[in-house]
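So the structure is just underneath, and the comments pick up after that.
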């Protein structure tokens, strides 16, 4: 027995008779093989005193896994912490920075991430493939998790508003891994797939779920127009600078309207309305682009019957406007008009996915310092994946 510091207490424990001599990997009974030395597991503190559980486990001869250490029901295999300690650490990790969790639980900062990963794996194992059961409508998007255009692909269950799958990277090969994880029955149950309009999403949804209805996200449809509008504004401002007609700072009508132009009409402040009126009086091209953006946004607010002829008419007007950016966008809208009409008819959007993306980014900021991607994904799944993570002893 080793001498322990004054603020540490070790308590001897042993499994119940029904849990003796069970393989730590599969839980099946094995034949006793030999005894090992005393081991200790960190448990929840008692006040300011650290509590250790002390036990000398056996090794058992498992029919499937051979000679292995017997299961300790209070801890996972190859973990130096009890299940209750890990659950509490994981719960704190989704509510506080890693440094705060490390200080409160008195563990090394590098141990917090692996603890979260083990707890997430355990909760997923308890639910089995339940995360994929009853899938009807999914949303697909990618979210950045650090600087340098590094992304994770995220799949969300629209009906339940939770993350069901995440993987490093983006594109066809990554999205293909999601469908490979589903059984044929679960793939057939998917009826709606929403995304940002990327062609690779359409191709793989059609390949794996040919009966699924492909819809676009209204937020991204409008963002196409706002991106084109910002390019028109930038071009107009540069031309004004070349001709010497640009004002200084916010006094310039084009530069000063940078924040007002992409906003929805009802959301404009009095100052921003005045800025748009100035643009209408000074730059006809930019004002025409702004009106086209607003018309596209209003199309998405119509009923399916009312909106039926509108995308094609909008595309024609955009092409005839003489504005290069909107002429290109008009071709895109005309090409995707049936997807847009399906989006209006379904009444669904990727808004829930965007909300989940915001929660993911917030969670990553809370867990600032997690360098291992597996730890980050585990943290996000604990926060946004619908896993039943609770503090120990709470029902």
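The numbers here are math on the coordinates, done by the rules we state, and not lab data. From a predicted model like this one, the values you see are computed outputs, not experimental measurements. Reconstructed Cβ throughout: ideal geometry from the backbone, glycine too, with neighbour counts over all protein chains shown.
Tabulated results
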read-out: Angle between the chain longest axis and helix 310-320 axis [Cα atoms, degrees, rounded to 10]; value: 60 degrees
read-out: Gain upon complete extension [residue 259, residue 99; 0.36 nm per residue less C-alpha separation]; value: 53.9 nm
read-out: Distance histogram for region 1-80 (every C-alpha pair counted, 10 angstrom bins, percent rounded to whole numbers); value: 19, 46, 25, 10, 1
read-out: Scattering profile of the chain at q = 0.09, 0.13, 0.14 Å⁻¹ [log10 I(q)/I(0), Debye over alpha-carbon scatterers]; value: -0.72, -1.13, -1.22
read-out: FRET efficiency, 1/(1 + (r/R0)^6) with R0 41 Å, evaluated for residue 390 and residue 313 via beta carbons; value: 0.15
read-out: Extended-chain gain in nm, criterion 0.36 nm per residue less alpha-carbon gap, residue 285 and residue 25; value: 86.7 nm
read-out: Crossing angle, helix 373-384 versus the chain [Cα axis fit, 0-90 degrees, rounded to tens]; value: 80 degrees
read-out: Spread of Cα-to-Cα distances over 5 Å intervals beginning at zero, given as percent, for region 236-346; value: 2, 12, 19, 18, 17, 14, 10, 5, 3, 1
read-out: Nearest-0.05 FRET efficiency for residue 191 and residue 335, computed from C-beta distance (R0 25 Å); value: 0.60
read-out: Nitroxide proxy distance, nm - points 7 Å out along Cα→Cβ at residue 355 and residue 183; value: 3.1 nm
read-out: Additional length obtainable on full extension of the chain from residue 231 to residue 44, 0.36 nm per residue less Cα span; value: 61.6 nm
